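The values are calculated or read from the model by the stated rules, or taken from the named source; none is laboratory data. Predicted model, so just to flag it, every value in this text is computed and none were measured. Glycine also receives a Cβ, built like all others from the backbone with ideal geometry; neighbour counts cover every protein chain displayed.
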């Protein structure tokens, strides 16, 4: 998945944290909901402006960031 079309970073929005499609919902928000036990359907019900693709983009973004940290850390 090419999350770069979905995950945006704007310096003036949410302190420059990665957000979903320019909205104020951050990747961290979504990851914390998932880690807390919310299912994708539950997140979509609470945030109808999100799509399943948005949530998968958050996961892809986090996985890519983790891969990059592993390479840097050696």
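Give me the pairs, please: first residue somewhere in region 5-32 and closer than 15 Å to residue 52 by Cβ, second residue anywhere and outside any helix (DSSP H, G or I) and modelled with pLDDT under 95, beta-carbon distance under 8 Å, and either six or more positions apart or on two chains.
Going by the 8 Å Cβ cut-off, there are no qualifying pairs.
Identify, from the list 49, 66, the residue that is exposed (fewer than 11 other Cβ atoms within 10 Å of the Cβ), assigned to a loop (DSSP other than H, G, I, E, B) and without any contact (Cβ under 8 Å) to a residue 40 or more places away in the chain.
Working: 66 fails: assigned to a loop (DSSP other than H, G, I, E, B).
Just a single option satisfies the conditions, and that option is 49.
With (1) out of contact with any helix residue (DSSP H, G or I) (no Cβ under 7 Å at 6 or more places or on another chain); (2) modelled with pLDDT under 95 as the list, and residue 1 as the residue in question, which single condition is left unmet?
If we test residue 1 against (1) out of contact with any helix residue (DSSP H, G or I) (no Cβ under 7 Å at 6 or more places or on another chain); (2) modelled with pLDDT under 95, just (1) comes out false.
Which residue is nearest to residue 1 (Cα to Cα), if the candidates are limited to region 25-39 and must be over 10 Å from the mean Cα position of the chain (by Cα) and surrounded by 15 or more Cβ atoms within 10 Å (Cβ to Cβ)?
Taking the candidates together, the pick is 34.
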